[in-house]
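Report on the structure given below.
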Amino acid sequence: MIKSMEHLGKHIFFFFEILISPYTRGFEGREFLGQLSKTAWRSIPTTITAGIFTGAILAMQFYLQLRDFGAENVLGGLNTSGTLREVGPVLIAFMLAGKVGAFTSAEIGSMKITDQIEAIRCLGVDPIRYLIAPRFFAVSLSSILLLSVGLIISVVGGMIAAYLVGGINFQQYLSMIPRFATSQSIFLATSKALVFGMLMGHICCANGYWTEGGTQGVGRAVKNTSVQSMVAIVLADFIMSWTAEGIFFSHGG
Amino acid sequence: MIRLRRAFLIEFENVFKAFGEKRVLNGLTLKIDKGERFFVLGKSGTGKSVLLKHLVGILKADQGTIRLDGEEIQNLKENEFNRIRKKCSIVFQLPALLDSLNLFENLCFGIKALSSDEKIKRVTSSLNAVDLSHLASDLFTKTPPELSYGEQKRMALARVLALDPDYILYDEPTTGLDPVTSRNIHKLILDVSQKLGKTSIVVSHDMPNALKTASRIALMDAGQVVFEGTPKEILECQHPLAISFMKGVKKHHD
């Protein structure tokens, strides 16, 4: 128990150390842009694939339920709202944790075990400033961008599935979206994207930076990144949904 | 009468360091003078690399005093250590070059603040010093993984030379290299020391090459120096550790 609390404290301290590092240690803009391009641009095809199928799967499930009640006409609104608020951010964040998070963690971990991080220090450059902060901010920002792209694409995926499975035309599907997917839903989706992105950015950088014990250590760092990211995302999703339910949706919003 | 104490440039005085229960440096006392090629030999796990890491602030001593140019450095803060790292630089056991950067960016990593002209001057002279001038035309197009392991080791030394430090620390520079490349690396250490006037501290297991290259050798065991002397003195030393390191070497050396 004490060890877990110590570990949590270490994570919180490291998170704030990175977060304030642009003010306290300066910022490597060039390195940040390079990492942003590496993590965001190269993940777009995977995000589009995940987004289309997330929307399509949910549309099929909702259609089968709604058909029994003769309420297929509300499919567009219900599916979009559900995807934006709950399933979309979580599924796409899981996919990004596996791709961007694991990659970043493995990259930093490999640098750690091959003395590259110590070499950076010994050449008079701060590794938090040069290596960690640009990756944290790049992973966080790219997660927000990719989650937004993924959610928009999931609407398209849902629309196509609704047409193929239930014969619901695009106009009918789109016309119901504003009634269900309110500005609160969009705000909640964006907030989740921001929080999930920062959680992933922190977890992958911390595990990579704390890697010890050779190649097995890198394996452990990647495993820890995947497990911790997913647990953190689910927990954060629950807390945010619960909070939002109380604030926005308890009166039928 | 005032007795002047001889000022050594690097001094370890009764230094202790432990990792958890394991004591790695156990009252280490050592003095190294300007221009020396000081080799530290010993079995694995006796604290040789730990000794070097204290000089560049990667590790902090639990107890004892470490002086560099007369200044006590064991309690310096991380940002204060950057001043020390400019004059005391380390070549790691692995090349530790940054794979994502090209060769030129790697060589300039520690000298970003200098002007472009000065950077090019430093890079050219450090490449010449490590005998890698044939890579000059590939500096902007090649990355470290495209070089052989021996070239990567030389490139790591060139990166340190570009900083123009007074002291160069080598952490097992020939580990994983074939005998020919090992000899070349030791020749390089000798050249850098003699031609550029750098003080070198080399942690190694390689007694034959140490006897040819070193000006002084220290033998370490259980976190302490158990013998210290010139290569000639070590050949005559009767300490059991020296004898075990010397097996098969004396005949070859004679």
Accessible area per residue in Å² at 1.4 Å probe, computed on the stretch B:98-254:
45 Å²
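Which value at 222 nm does chain B reach when only helices count, each DSSP H run of 4 or more adding -39,500 (n - 2.57), with the total divided by all residues and rounded to the nearest 500 deg cm²/dmol? Numbers along the way, then the final one.
Numbers: 10 runs with 94 residues, N = 254.
After summing the helix terms and dividing by residue count, I get -10500 deg cm²/dmol.
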What residues of the stretch B:50-66 lose no less than 40 Å² of accessible area with every protein chain in place versus their chain by itself (probe 1.4 Å, heavy atoms only)?
B:ILE58
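Beta carbons within 10 angstrom, averaged per residue: use that to sort the peptides B:203-216, B:53-66, highest first.
Details: B:203-216: 20.4, B:53-66: 18.0.
The peptides rank, most packed first, as B:203-216, B:53-66.
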Just from its helices, what would the mean residue ellipticity at 222 nm be for chain A, if runs of 4 or more DSSP H residues each count -39500 (n - 2.57) and the sum is divided by every residue, rounded to the nearest 500 deg cm²/dmol?
-26000 deg cm²/dmol
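Return the carbon/sulfur percentage of the accessible area of the stretch A:29-248, one whole number, probe 1.4 Å, all protein chains in place. Write out the running numbers ahead of the final one.
Values: 6470 of 9380 Å².
The nonpolar share, carbon plus sulfur, comes to 69 percent.
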Listed residues A:LEU194, A:LEU235, A:LEU75; largest mean-square fluctuation, Gaussian network over chain A with Cα springs below 10 Å, found at A:LEU235
Helix A:102-113 sits at what angle to the longest principal axis of chain A, using alpha carbons and giving 0 to 90 degrees rounded to 10?
10 degrees
Suppose each label sits 7 Å from its Cα in the direction of the beta carbon; what would the B:THR143-A:HIS7 distance come out to in nanometres?
3.3 nm
Under the rule rounded for a/c under 1.5, else prolate if a/b exceeds b/c, else oblate, using alpha carbon gyration tensor axes a ≥ b ≥ c, the stretch B:134-242 is classed as prolate
Along the Cα→Cβ direction, 7 angstrom out, place labels at B:ASN79 and B:ASP166. What is the inter-label distance in nm?
2.4 nm
Gain in span if fully extended, A:PHE170 to A:ILE20, counting 0.36 nm per residue against the direct Cα distance:
49.4 nm
Folded to 0 to 90 degrees: helix B:116-129 orientation relative to chain B principal axis, Cα
60 degrees
Most fluctuating residue of A:GLY124, A:GLY214, A:GLY166 in a GNM of chain A with Cα springs under 10 Å: which is it?
A:GLY124
Nearest 100 Å², what total accessible surface is buried between chain B and chain A (probe 1.4 Å)?
1600 Å²
I'd like the residues of the stretch A:112-148 whose 1.4 Å-probe accessible area shrinks by no less than 50 Å² going from the isolated chain to the full set of protein chains.
A:ASP115, A:GLN116, A:ARG121, A:CYS122, A:LEU123, A:TYR130
Regression test value, accessible area per residue of the stretch A:5-64, probe 1.4 Å, units Å², expected 61 Å²
How much length is gained if the chain between B:SER133 and B:THR29 is pulled fully straight, taking 0.36 nm per residue apart and subtracting their Cα-Cα distance, in nm to one decimal?
33.4 nm
To the nearest 10 square angstrom, what accessible area does A:THR54 show with a 1.4 Å probe?
10 Å²
Principal axis lengths of chain A from Cα atoms, whole Å, largest first?
69, 36, 33
Pop a pseudo-label 7 angstrom from the Cα along the beta-carbon direction at both A:LEU235 and A:SER37 and give the gap in nm to one decimal.
3.7 nm
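The values are calculated or read from the model by the stated rules, or taken from the named source; none is laboratory data. Just so it is clear, the model here is predicted, and its values are computed rather than measured. Virtual Cβ from ideal backbone geometry, glycine too; neighbours counted across all protein chains shown. What goes into the accessible areas is simple: the full protein's heavy atoms, side chains included, and nothing from ligands, DNA or RNA. Shrake-Rupley method; radii C 1.70, N 1.55, O 1.52, S 1.80 Å.
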